Amino acid sequence: MKKITKICCIGAGYVGGPTMSVIAKQCPEIQVTVVDINQDRIDQWNTDDLDQLPIYEPGLKEIVGERRGKNLFFSTEVDKAIDEAQMIFISVNTPTKTYGKGKGQAADLKFIELCARNIAKVAKDDKIVVEKSTLPVRTAQAIQNILDNTGNSVKFEILSNPEFLAEGTAIEDLVHADRVLIGGNDTPSGQAAKDALSAVYEHWLPKERILQTNVWSSELSKLVANAFLAQRVSSINTISALCEKTDANIQEISRAIGFDSRIGPKFLNASVGFGGSCFQKDILNLVYIARSYGLNEVADYWEQVIIANDYQKSRFAENIISKLYNTISGKKIVIYGWAFKKDTNDTRESAAIAVADALLEERAEIIVYDPKVSEERIYADLDYLNTRSPEENRRLLKVTNKPIEVTKDAHAIAILTEWDEFKTYDWEKIHQQMLKPAFVFDGRRLLDTDTMKGIGFNYYKIGQS
Ligand code: NAD
Ligand code: UGA
């Protein structure tokens, strides 16, 4: 089996950065180089101030501080890193296509293809190429075709090794992974490649948690895992709507059904809707693949998970409007939380974007506070929707770093991310300075109902009447 001493990872994003940092920490004898075409991002990874890394993840800056410059490097010298490595991870973005065939559903594989062509151009000796990005089933075939036609007799072995980390807990998820999935060919060289990658993970994970499959099962398992997780959230969210009509309590239902060991307790927290860069993208991709094979019933089934999620976001916004006497024009509404979940600065597909957009359509005056998301990011998210002009977004929505002060004379607060600090706020003081009746719409079920109602708030919690 080929001994791996040098790894290159193309793509220094939310997956490439943390994943390679953990590999570098656990495998001190392997040199890990993370490359990206984005100079700013690489500069941020190389910053002296570890609080300024491009990605916020608990535990990440400690590992980067420990390994960077020793066996962990961040660079824009893509070709050099490819040339030197025996194993190359592709961890670039695979967003939903915004043009052409499959627009709005299929994964855009142009960044993957560019990587494959680059590897084909640069490689002078045999390489193991690892798909770390989430890809449609059978993508490895396309990568293999590109690599096999280089004409320089270099041999490439393609593996699928999808990543299952969740943002906010990336380091924990990587260090204590439930499982690692490695898909590869059943040929002797395919098996050797799978074993070489397995040996990397065996530095810190028990062998029985490293699963080997064929390439196609591995690629498809990743989409299916995300679809199942998102389906649980949509399932519980649809029931939250029913709870609000029937005096049932969604938390009690989650607990009651989660005690059934066949169902289990995780991923049953009702919320304002799931966000994140992948759930929606990967389900849309699954839907597209199913439809492209003529499996319309399969596609319709999974599409419903997205439809239910969109319903949850708009239902939340509509509830705010109706409870504020059907008019929010000129009313000051403070939004607590913009990230798609706590402990991350990532806002991709965050429910907060959709809710804010719906409230802005009704001409509310919005003030946003998020402990980790920049003002620039918040405006970029809104501008991207193209619902109104950038000037209007900036006129109607302000961003603050003074979460308590801004509640003065506010009509309502909407909690859209479950940041722990919101629980520690002086809600008595907030209530005193808000206009009365003072409304709190809790899209994350973060606060205690009795306490909030006791203070005098008109308090609405997802999944509870
Ligand atoms: P990201 O956008 O944070 O990072 C991707 C990086 O790749 C960017 O910095 C970009 O500049 C770089 N890049 C693009 N083309 C390149 C090229 N040709 N050469 C060099 N660099 C290039 O994306 P991400 O969130 O890290 O996701 C990457 C993949 O991992 C996606 O397929 C995603 O579905 C999957 N994934 C993401 C998560 C997550 O939590 N974000 C979890 C599991 C899997
Ligand atoms: C998810 C998966 O959990 C990871 O396994 C996967 O690797 C990743 O997608 C990916 O492929 O990108 P992530 O999106 O980072 O990870 O975060 P999750 O914890 O799964 O949360 C996703 C969304 O669902 C968040 O908006 C979260 O608030 C919401 N959620 C989650 C709920 O509303 N309720 C829950 O019970 C759980």
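Given DSSP loops and a limit of at most 14 other Cβ atoms within 10 Å, what is the longest stretch of the chain that contains no such GluC sites (Glu not before Pro)?
On the way: sites that count: E29, E77.
Formally, the longest exposed-site-free interval is 78-465.
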Computed ³J(HN,Hα) along the range 250-255: with the Karplus parameters 6.51/-1.76/1.60, θ = phi - 60°, integer Hz and x for glycine or proline, the list is 4, 5, 5, 5, 4, 5
Selected from G69, G337, F274, residue furthest toward positive end of dipole (the chain; charges at beta carbon)
F274
If you take the charge dipole of the range 126-234 about its Cα centre, with +1 on Lys and Arg Cβ and -1 on Asp and Glu Cβ, which of I171, S221, G190 is farthest toward its positive end?
S221
If we count other beta carbons within 10 Å of each Cβ, what is the order of C278, C27, fewest first?
C27, C278
With Cα coordinates, the longest principal axis of the chain makes an angle with the long axis of helix 279-292, in degrees rounded to 10, of 60
Just flag the chymotrypsin sites (Phe, Trp or Tyr not before Pro) in the range 380-436 sitting in loop per DSSP whose Cβ has no more than 16 other Cβ atoms within 10 Å.
Y425
At a temperature of 37 °C and a viscosity of 0.692 mPa s, determine how fast the chain diffuses translationally according to Stokes-Einstein, using the Kirkwood radius over alpha-carbon pairs as Rh; express D in µm²/s, rounded to the nearest whole number.
138
Once amide H atoms are placed 1.01 Å from N in the peptide plane, what residues at a sequence separation of 5 or more from I415, or on another chain, have their amide H within under 5 Å of its amide H?
Y336, F441, D442, G443
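With +1 on each Lys and Arg Cβ and -1 on each Asp and Glu Cβ, and nothing else charged, work out how big the dipole of the chain is about its Cα centre, in Debye to the nearest 20. Walk me through the numbers on the way to the answer.
Values: 57 positive and 65 negative charges, 100 e Å.
With Lys and Arg at +1 and Asp and Glu at -1, about 480 debye.
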For the chain, percent of DSSP beta bridges that are antiparallel (nearest 5) comes out at 5
How tilted is helix 110-122 with respect to the longest principal axis of the chain? Cα atoms for both, answer in degrees (0 to 90, nearest 10).
20
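With a cut-off of 8 Å between alpha carbons and a minimum separation of six or more residues, what is the relative contact order of the chain in percent? Don't skip to the answer; put the middle values down first.
On the way: 877 pairs, mean separation 56.2, N = 465.
For the chain, the relative contact order is 12 percent.
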Considering only the range 6-213, percent of DSSP beta bridges that pair antiparallel, nearest 5:
5
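Which value, in debye to the nearest 20, describes the size of the charge dipole of the range 6-213 about its Cα centre when Lys and Arg Cβ atoms bear +1, Asp and Glu Cβ atoms bear -1, and nothing else is charged? All intermediate terms of the calculation are to be shown ahead of the outcome.
Values: 23 positive and 30 negative charges, 139 e Å.
Dipole about the Cα centre, nearest 20: 660 debye.
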Counting other Cβ atoms within 10 Å, which trypsin sites (Lys or Arg not before Pro) in the range 390-422 have at most 14 and lie in a DSSP loop?
K408
Would you be so kind as to identify which of N46, A106, I30 lies farthest towards the positive end of the dipole of the range 1-130, taking Lys and Arg as +1 and Asp and Glu as -1 on Cβ and the Cα centre as origin?
A106
Convert each backbone phi in the range 432-448 into a coupling constant with the Karplus relation 6.51 cos²θ - 1.76 cosθ + 1.60 (shift: θ = phi - 60°), then list the ³J(HN,Hα) values in order as whole Hz, x for Gly and Pro.
4, 8, 7, 5, 10, x, 9, 10, 10, 10, 9, x, 10, 6, 8, 9, 7
Please compute the contact order of the range 404-465 in relative form: average sequence separation of alpha-carbon pairs under 8 Å and at least six residues apart, divided by the residue count, as a percent.
36
Nearest 10 degrees, 0 to 90: what angle lies between the long axis of helix 375-385 and the longest principal axis of the chain (Cα atoms)?
90
At most 13 other Cβ within 10 Å, DSSP loop - chymotrypsin sites (Phe, Trp or Tyr not before Pro), the range 71-170
Y99
Under Karplus coefficients 6.51, -1.76 and 1.60, residue-wise ³J(HN,Hα) of the range 238-246 in Hz, glycine/proline x
5, 6, 4, 5, 5, 4, 5, 8, 10
Counting helices only, and only those DSSP H runs with n ≥ 4, report the 222 nm mean residue ellipticity of the chain as the sum of -39,500 (n - 2.57) divided by its residues, in deg cm²/dmol to the nearest 500.
-13500 deg cm²/dmol
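Values quoted throughout were computed directly from the atomic coordinates according to the rules given, and no laboratory measurement underlies them. Fair warning: this is a prediction, and the values are worked out from it, not measured in the lab. A quick note on method: Cβ atoms are made from the backbone with ideal geometry, for glycine too, and the neighbour counts reach across all protein chains shown.
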